[in-house]
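First comes the structure, then the notes that go with it.
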Amino acid sequence: MMVRVAIVGATGYAGGELARLLLRHPQASLVAAVARSHQGEALRDVQPHLHGAPDSLRIGADVGDAEVVFTALPAGAAAKQVTAWLAEGRRLIDIGSDFRLKDPAAYPRWYGYEHPAPALLAEAVYGLTEFARPALAKARIVANPGCYPTASLMALAPALRAGLVETDLIVDAKSGVSGAGHTVDEAYLFGTIDGSVRPYGAPTHRHTPEIAQEAAVLAGAPARLTFTPHLIPMTRGLVATCYATLRPGATAAQIADAYAATYAGEPFVRVLPTFPATKQVLGSNWCLVHAVVDEANRRLIAVAALDNLVKGAAGSAIQNLNVMCGLPETAGLDGLPLWP
């Protein structure tokens, strides 16, 4: 079984990662690469690392006969096109932010626009694969999680689901500059970022409501969140350090059991006995998790590390594709991290 797929937004970092992985996918055929720029140019010339892409795969304006459309577009752009794609019988995996938040009123506040297709928000499946498999199988629209939310939720999910922590959460996260995409700005110039780390976005970063929304789903109770992201001087990689107060009676042994049970058998999640490093997941779909209890302060410290362009974007999108289409979940994603 071959699934025909298209990438809309094929010239960005996330689109390039999608193409890199899909071109090696044994059961997916990349039939169209769509972008507003570079029309008519070969994808392998626009994305200079895609040496194995056929010369015939050229940047165009149409998704062709794709059954599944991946969108890696600026906020609001995918939602303007999805109705037509659904009417044509296609399915959508949006790597952008257009279907992550369930409340239409949240989009003007956090993203600065009125949602173009608010009636579809309730239908969209939030695609944190490890916790969404039953819904993914029949989904027409999948909202791929953001990179920071993926790491934060993977770090906190076992404790939240088990009811071992309160839902007043703090997340301190750090990401490489590829998370900003092809942004041309002084803040991302080599001379600005080299040898420097800076926080940004708090308390209004767009991933804040997404993390809080899904933490509440996992916990079955409203969640409060303080989220501070940081830009660090490397190209790719993300680590989230998360803090939550233990509930009365919760123990370190219960925490350890919850993490072991939640992620037992997961193909792309490994619970480590020590703190993970971003280098350990470079270029892969792996997410490494470590949880420790600060007994003196009755607080959980949970950490997750991932590659922001793979498990934090393109890799998880393909993992969702595999579940949606009944393919082996690891198809196209079994490459090991690069080291050193």
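Can you tell me which condition HIS49 does not meet? The list is (1) open to solvent by less than 10 Å² (accessible area, probe 1.4 Å); (2) without any contact (Cβ under 8 Å) to a residue 60 or more places away in the chain; (3) in a loop (DSSP other than H, G, I, E, B), and all the others hold.
(1)
I'd like to verify a number: residues in segment 253-280 that are of a type outside the set (S, T, N, Q), open to solvent by less than 40 Å² (accessible area, probe 1.4 Å) and under 19 Å from ILE301 (Cβ atoms), how many?
Adding up the residues that qualify gives 7.
Can ARG91 be described as of a type outside the set (Val, Ile, Thr) and over 21 Å from the mean Cα position of the chain (by Cα)? Even if it seems obvious, please write down each step before you answer.
Details: of a type outside the set (Val, Ile, Thr): yes; over 21 Å from the mean Cα position of the chain (by Cα): no.
So ARG91 does not fit the description; no.
For segment 242-340, which fully contained strands (runs of 3 or more DSSP E) count at least 1 residues that are more than 20 Å from TYR13 (Cα to Cα), of a type in the set (Val, Ile, Thr) and without any contact (Cβ under 8 Å) to a residue 60 or more places away in the chain? Break it down into steps so the answer makes sense when it comes.
Working: elements: 269-271, 287-294, 299-306.
Once the strands (runs of 3 or more DSSP E) in segment 242-340 are filtered for at least 1 residues that are more than 20 Å from TYR13 (Cα to Cα), of a type in the set (Val, Ile, Thr) and without any contact (Cβ under 8 Å) to a residue 60 or more places away in the chain, what remains is 269-271, 287-294.
Is there a residue being in contact with a strand residue (DSSP E or B) (Cβ under 6 Å, 6 or more places away or on another chain), at pLDDT 95 or above and within 24 Å of GLY112 (Cβ to Cβ) anywhere in segment 25-38?
yes
Within segment 233-241, identify whether any single residue is open to solvent by 40 Å² or more (accessible area, probe 1.4 Å), in contact (Cβ under 8 Å) with a residue 12 or more places away in the chain and either of a type in the set (S, T, N, Q) or closer than 23 Å to THR167 by Cα (or both), and answer yes or no.
Yes, some residue in segment 233-241 is open to solvent by 40 Å² or more (accessible area, probe 1.4 Å), in contact (Cβ under 8 Å) with a residue 12 or more places away in the chain and either of a type in the set (S, T, N, Q) or closer than 23 Å to THR167 by Cα (or both).
List pairs: first in segment 185-199 and assigned to a helix (DSSP H, G or I), second at pLDDT 90 or above, Cβ under 7 Å, 6+ apart or cross-chain?
From residues that are assigned to a helix (DSSP H, G or I), the pairs are TYR188/VAL177; ILE193/VAL177; ILE193/LEU231; ILE193/PRO233.
So, VAL69, is that one touching a strand residue (DSSP E or B) at 6+ places or on another chain (Cβ under 6 Å), open to solvent by 40 Å² or more (accessible area, probe 1.4 Å), among the hydrophobic types (A, V, I, L, M, F, W, C) and not in a loop (DSSP other than H, G, I, E, B) or not?
no
Would you be able to tell me the number of residues in segment 117-133 that are more than 30 Å from THR330 (Cβ to Cβ) and open to solvent by 60 Å² or more (accessible area, probe 1.4 Å)?
Of the residues in that region, 3 qualify.
The values are calculated or read from the model by the stated rules, or taken from the named source; none is laboratory data. All values derive from a computational prediction rather than experimental measurement. Cβ: placed from backbone, ideal geometry, glycine included. Neighbour counts: every protein chain shown. For the accessible areas, the whole protein counts, side chains as well, though only heavy atoms, and no ligand, DNA or RNA atoms are used. Shrake-Rupley method; radii C 1.70, N 1.55, O 1.52, S 1.80 Å.
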